[in-house]
Amino acid sequence: MSCCGPTRRTVLGALGLAALLPFAGQAKNARAQHNPLVATDLEVVTITDTSVVLTWTTLAPDPAGRLIPVDADTQVRIGPADSPRIPAPVYADDRPTPFHYAEIDGLEPGRAYRFEAWSAGRRATPALSLTTSGPVAPEARGEFTTLLPPPGRRLRTIALANDVHYGEQVSGLIVGELPPGFRQDPGSAPYPEVMLAAMLDDLRRPDRAAERLLVAGDLTAEASEHEARAVRAHLDAWGSLGKDYLAVRGNHDRPHRGPEYARCAAAPAGHHDCWAEAFSPRQQLIEDEIGGLRVLGLDTSELDGAGGSIDRPQFDLLAERLGGDPDRPTLMFGHHPVTTESGLTNIAGPGFVLNGRDSAELQALYTRCPGVFLHHSGHTHRNRRTRPDAHCAVEFLEVAAIKEYPGGYSLLRLYEGGYMVNFYKTRTEGARRWSALTRGEYFGLLPDYAFGTCADRNHVVLRDFSGLT
């Protein structure tokens, strides 16, 4: 990241802990000669009521002893956990790849299953990561339980995403050139474009079928005129702004100083705002309505810096909108996380989230407006649910970045009796390759920080949405 990415403290304190896990060489297809293959980095990414998504990587040492990706087949065996029989083959793909992605459908809701993932005769195992090798992790136990969906009809599906960083060329930097960052191979398309295209391709497929996309900030790396216009063009090729997708700005999309920004709209203190010309003015509330569901997007970016705030005119308009119909089901999204827990647990500390005064006022507003049920944020590049500080029945959900490991988005599926949240990795070959490579960010610590628990990624909340269409 650049000036406004995660800052210093926690990561620099952990530099000596681990460089053990991911490979750091070029992720090119190769076949190891006379060397054993390893199937590793097994992750149970997505668990819905009827499906599961597994990913893993196959590696082998090259002549110099470095682990590099190698091609292999993809196989999955699954069986009911209460059956004495061993898991049976349910998925097989002979197309060779180092980056394995298997989605199995047709499972029963609320049922426990045992599973095994295999490549080239080797069973895949989780990495030495607390997230996937702990005693309760499905990867370590070899068992998962499908979700029970909320009651009633499924009403619609909304995609939640953030942190494209269009224009960025090195992923994983914090201070200067440290820790070592990751670049695309020469001749390959820039990774923000690869990952954004993969997500947009996913969302139109029948098995995802997202009706709206909400992008919670950091669409650009540094909000240049080219970056803002280019990322807008990519999104417009997928759908229409305000109809198919909504976007709010993040700290990377803020106004900038410098001659390269001079052609863009003037902003306070000598800044120029290229984002405003492509999307919307600073601190503007974004509003939408979908079959009775109210969707409100907050611009929480500041003129300078990585932290978040909400200016008084935007706050007053938000209070007016929510107060005019406080019980109406409302989905909120904005770039900066809100809660104290988020401030204390992200790698950059409390100054990286919405400031304390605005957080307290926003959560107090939510207590008076019980229709607000979920607040989606980006910025921290991780999957995590955090507890509210006020007595409000609002889920505060952070979604991992599009642009790097784990590389994906969440689907919010609304039912008459509640909602289901599921995180999905993007699945094109280029996206799977880049996601596997960037597991090595922050000296191999990124998976434990960014992947989130199974419950962070996949869960059901019961609410009354019977009035929605």
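The values are calculated or read from the model by the stated rules, or taken from the named source; none is laboratory data. Just so it is clear, the model here is predicted, and its values are computed rather than measured. Here the Cβ positions follow ideal geometry from the backbone for every residue, glycine too, while neighbour counts run over all protein chains shown. The accessibility values were calculated without ligands, DNA or RNA, using every heavy atom of the protein model including side chains. Shrake-Rupley method; radii C 1.70, N 1.55, O 1.52, S 1.80 Å.
Name the trypsin sites (Lys or Arg not before Pro) in segment 252-293 that are in a loop by DSSP and that have at most 12 other C-beta atoms within 10 Å, would you?
Answer by residue number: ARG263.
Taking only DSSP H segments of four or more residues, each worth -39500 (n - 2.57), what value at 222 nm results for the chain once the sum is divided by all its residues, to the nearest 500 deg cm²/dmol? Walk me through the numbers before you get to the answer.
Working: 12 runs with 96 residues, N = 469.
Computed mean residue ellipticity for the chain: -5500 deg cm²/dmol.
For ASP71, what residues show an amide H to amide H distance below 5 Å, using hydrogens built from the backbone and excluding near sequence neighbours?
Excluding prolines and chain starts, which carry no amide H, the hits are ALA30.
How large a share of the accessible area of the chain, in percent, is made up of carbon and sulfur atoms when the probe is 1.4 Å and the other protein chains stay in place?
54 percent
Share of Cα-Cα pairs in segment 198-270 beyond 20 Å, in percent?
Considering segment 198-270, 38 percent of its Cα-Cα pairs are separated by more than 20 Å.
Taking a point 7 angstrom from the Cα of SER188 along the C-beta vector, which residues in segment 425-469 have backbone N less than 12 Å away?
429-439
If DNA, RNA and ligands are ignored and the probe is 1.4 Å, what is the ranking of ASP448, ASP73 by accessible area, most exposed first?
ASP448, ASP73
What do you get for the angle between helix 356-368 and the principal long axis of the chain? Use alpha-carbon atoms, 0 to 90 degrees, nearest ten.
90 degrees
Taking H as built 1.01 Å from N, whose amide H comes closer than 5 Å to the amide H of LEU213, not counting residues under 5 places away?
So LEU213 has HN proximity to ALA159, TYR245, LEU246.
Could you compute the net charge surrounding TRP275? Neighbours are other residues with a C-beta less than 12 Å from the C-beta of TRP275; K and R count +1, D and E count -1.
-3
Report the full-extension gain for the segment GLU277 to ALA393: residue separation times 0.36 nm, less the Cα-Cα distance, to one decimal in nm.
Full extension from GLU277 to ALA393 adds 38.1 nm.
So what are the radius of gyration and Dmax for the Cα set of segment 230-292, in Å?
Expressed in Å, the Cα Rg and Dmax of segment 230-292 come to 13.4, 45.
Considering just Cα atoms, how many Å³ per residue does the convex hull of segment 338-469 enclose? List each step's numbers first, then the result.
Details: hull volume 14.1 nm³, N = 132.
Measuring per residue, one finds 107 Å³ for the Cα hull of segment 338-469.
Just to confirm the filter: which GluC sites (Glu not before Pro) across segment 394-469 are DSSP coil and have at most 15 other Cβ within 10 angstrom of their Cβ?
Working: sites: GLU395, GLU398, GLU404, GLU416, GLU429, GLU441; in loops: GLU404, GLU416, GLU441.
When the GluC sites (Glu not before Pro) of segment 394-469 are filtered for loop state and at most 15 Cβ neighbours within 10 Å, nothing remains.
Against the 2.2 N^0.38 Å scaling, with N counting residues, where does the chain land? I'd like the Cα-based Rg ratio to two decimal places.
0.96
Work out from phi, with θ = phi - 60° and the Karplus expression 6.51 cos²θ - 1.76 cosθ + 1.60, the ³J(HN,Hα) of each residue of segment 278-284, listed in order in whole Hz, and give x for Gly and Pro.
8, 10, 7, x, 4, 6, 9
Once the Cα atoms of helix 191-204 and of the chain are each reduced to a long axis, what angle between those two axes, in degrees from 0 to 90 to the nearest 10, is obtained?
Compared with the principal axis, the helix lies near 90 degrees.
Given a 1.4 Å probe, how much area per residue of segment 360-429 is accessible, in Å²?
23 Å²
With labels modelled as points extended 7 Å from the Cα through the Cβ direction, what inter-label distance (nm, one decimal) is found for ASP464 paired with GLU287?
Result for the modelled spin labels: 2.6 nm.
Residue by residue through segment 212-220, which ³J(HN,Hα) values in whole Hz follow from phi under the Karplus form 6.51 cos²θ - 1.76 cosθ + 1.60 (θ = phi - 60°), with glycine and proline marked x?
Result, ordered by residue: 9, 10, 10, 10, 8, x, 6, 6, 10 Hz.
Enumerate the whole-percent occupancy of each 10 Å bin, from 0 to the last occupied one, for all C-alpha pair distances of segment 247-378.
In order of increasing distance, the bins hold 13, 41, 32, 13, 1 percent.
Can you compute 3J(HN,Hα) from phi for each residue in segment 107-112, using the Karplus curve 6.51 cos²θ - 1.76 cosθ + 1.60 with θ = phi - 60°, rounded to whole Hz and x for Gly and Pro?
With the stated coefficients, segment 107-112 comes to 7, 8, x, x, 10, 8 Hz.
How much net charge surrounds GLY172 when only the other residues with a Cβ under 9 Å from the Cβ of GLY172 are counted, with Lys and Arg +1 and Asp and Glu -1?
Within the 9 Å Cβ shell, the charges total -2.
Which distance in nm do the two modelled labels at ALA88 and ARG111 give, with both placed 7 Å along the Cα-to-Cβ direction?
Going from the ALA88 label point to the ARG111 one covers 1.1 nm.
Where does the charge balance sit around PRO135 when Lys and Arg score +1, Asp and Glu -1, over other residues with C-beta under 14 Å from its C-beta? Intermediate results must be reported in sequence, preceding the final value.
On the way: positive: ARG141; negative: GLU139, GLU143.
That works out to -1.
Tell me, what is the FRET efficiency for ALA319 and SER240 to the nearest 0.05, using R0 = 30 angstrom and their Cβ-Cβ distance as r?
0.55
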